[in-house]
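Data block below; observations after.
The values are calculated or read from the model by the stated rules, or taken from the named source; none is laboratory data. Since this is a predicted model, take the numbers as computed values, not measurements. Please note: Cβ atoms are built from the backbone with ideal geometry, for glycine as well, and neighbour counts cover all protein chains shown.
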Amino acid sequence: MDLAGRSAVDGLAVLREVFGHTTFRAGQAEAVEAVGAGRDAVVLLPTGAGKSLCYQVPALVASRRGRGTTVVVSPLIALMQDQVRALRGRGVRAAAINSHQDAPEQRAVVTSFLRGELELVYVSPERAALASFKRMLARVPIALVAIDEAHCVSQWGHDFRPEYLRLDELREVMHAPMIALTATATPEVMREIVTHLDLRSPVMVLGNFGRPNLSFAVEHLRGDADRIAAVIAAGEAAGLRARTGAGRGIVYCSTRDKTETVARALRAAGFPTAFYHAGRGKVDRERVQARFDLGRIRVLVATNAFGMGVDYPDVRIIVHFQAPGSLAAYYQEAGRAGRDGLPARCLMLFGPGDLMTQRRIQSSGPTGVARQRRIEEALAQVERYATASECRQQILCNYFTGTDDQPPCGLCDACADPAAVAGAAERAAEPKARSGEPTRPLSDAERQVVLDAAGQLRRPVGKTSLARALRGSRAAALRRLGLGALAAHGALRAVGEASIVAGIDQLVREGHLVRRGKAYPTVWPAGRPTREPRAADKPRRAGRAGRARTSGVAAALDNFRRRAARALRWKAYMVLQRRVIAAIAEERPTSLADLARIPGVGPSKIERFGPEILDIVRRHQAGA
């Protein structure tokens, strides 16, 4: 057996024993074989496709063969700390050297590294470029160097880090293979990675960027009120309004002020929400992220400061409140949805003003002619994506691979209703009606149409949304609010929007309708309760006893993983992923051997948590 073949076999054993997976995902085995045979490699895999295993598995294979330590260059301290905690939870000897450590802790890690006691050590690009670190590398056997988020090497990218341009200097002090990994590189950036990192005849691993569980969509909206209505409708459809429950959502905004505005509106609408941006203090950001980790916040509104390294399995919806600055940035952020393989939605809200906002943000620093041209090219690609009527996933996949062989996804809005998507883009391109549009009082019959429509509402809605529905709009945001199903939909087509809005305001003043909320008020029939009967008050269907018992085990395991995560200062998924909890609740293992057969539960997890997991299962089995 040749070296690559042996690496693949040993890698599969590590994958099963340490990480609890039975097979490699697409692209992973090819990367493991390449570096196991001493080759350099460039790995381009989509967000959530398991890039970290492409270097973690060969790192452990090399350690078992006595070849030395793997050095991982990672751009974020929080990201490397998460990786280290997850690896230690699996029994791997991993550590990080970073500026957040005090001097004794840092010395202890360095000592372990120099003694060859570590299987992986994580460092920042700034530290990797230091002469002192390179001298340290020359003193110990290095099995592999992994450059994570390698697109940061590109001066034209959205995450450029100048220290990445010096990482080729590591070649001067060690002879180990190098693997560069990214989820957001165009063919041009891939060439820059090879050049700037001095990779030698690298194996190019290109994954499939299709995400079959994600449905992409674009809505053309101008004002904040309509966009917030769309976010509320999307969050409601994803079941995120309740204080507790499965799943979470992320809303990305382009500016700090907008994150705070949107978060206030969502809180007013009853969503457990917080905001995150670089202008908040470090302690505040950590507190918000910890609450989001624990599920106490269901929706996080953030700028791209909530960026690289964000890894949650159960994000059910990603909304871009404003269009991002490039398709690379969009796909990286949208790709954080649905990492558990379950259906998730990625929605971009788009208006021409978004491109102006991005020009202002990206041109705030010194820019030359070449950079300005790159900015305009990137924004043109975003606009093409937003206004196209062909498959959204095809556009995204072709952008990264440079090919046109991706089949239609069948899930996005353009696949589901291309005529409606094309029509929406055409209507969005039409000039907006003048704010000085004349108004007239509604007739008694027209006032009654408004009141009848309000009586059919399922939830409070904005007055502009109601007016547009009465004029016949079929915008997706209105459909999700239930306005497309109103009996009076289109009944006031001949009446101007401003006149209907003025008529709604008059009905509020007269007490026939009431206004709810302050920043983004909604209207509702006076005297009608807004809350529907709770699910617990509704009659239960037959045949739910078995599901209730299963959900009881799952709920208890979920509580256990939260407690364990708090005690260990881990993220909850590092203890047990939701798919693993579901499998345990379904299989009901009675022994450690049974537990070991469940995918995703490795020996380290069994040793640390196995008896408590079995005890939880037994308690619920006895009470069934």
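For region 60-95, taking the residues that are among the charged types (D, E, K, R) and in contact (Cβ under 8 Å) with a residue 60 or more places away in the chain, the one that is nearest to VAL123 (Cα to Cα) is identified as ASP82. One residue stands out in region 297-337 among those that are at pLDDT 90 or above and acidic (Asp, Glu): the one that is nearest to TYR276 (Cα to Cα), namely GLU333.
From the list GLY11, GLY27, GLY20, GLY38, the lone residue that is surrounded by fewer than 20 Cβ atoms within 10 Å (Cβ to Cβ) and either modelled with pLDDT of 90 or more or assigned by TED's automatic domain parsing to the domain that holds ALA86 (or both) is GLY38. Are any residues in region 486-529 in contact with a strand residue (DSSP E or B) (Cβ under 6 Å, 6 or more places away or on another chain) and part of a loop (DSSP other than H, G, I, E, B), and if so, which ones? Matches in region 486-529: PRO521, ALA526.
Yes/no matrix, rows are residues, columns are (1) over 21 Å from the mean Cα position of the chain (by Cα); (2) at positive phi; (3) assigned by TED's automatic domain parsing to the domain that holds VAL288:
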site	(1), (2), (3)
THR303	no, no, yes
GLY307	no, no, yes
GLY335	no, no, yes
GLY338	no, yes, yes
ARG345	no, no, yes
ARG359	yes, no, yes
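Listed residues ARG25, ARG39, ARG65, ARG90; which is basic (Lys, Arg) and under 21 Å from the mean Cα position of the chain (by Cα)? Exactly one residue qualifies, and that residue is ARG25. From the list ALA146, ALA150, ALA128, the lone residue that is of a type outside the set (S, T, N, Q), closer than 17 Å to SER63 by Cβ, buried (at least 20 other Cβ atoms within 10 Å of the Cβ) and touching a residue at least 12 places away in the same chain (Cβ under 8 Å) is ALA146.
Within region 95-129, restricting attention to residues that are within 30 Å of the chain's Cα centre (by Cα) and of a type in the set (Asp, Glu), the residue that is modelled with the lowest pLDDT is GLU126.
If you filter region 62-94 down to residues that are of a type in the set (Val, Ile, Thr) and at pLDDT 90 or above, you find that the one that is farthest from ASP10 (Cα to Cα) is VAL73.
Just one residue in the set ALA238, ALA246 is under 27 Å from ARG339 (Cα atoms) and surrounded by 19 or more Cβ atoms within 10 Å (Cβ to Cβ); that residue is ALA238.
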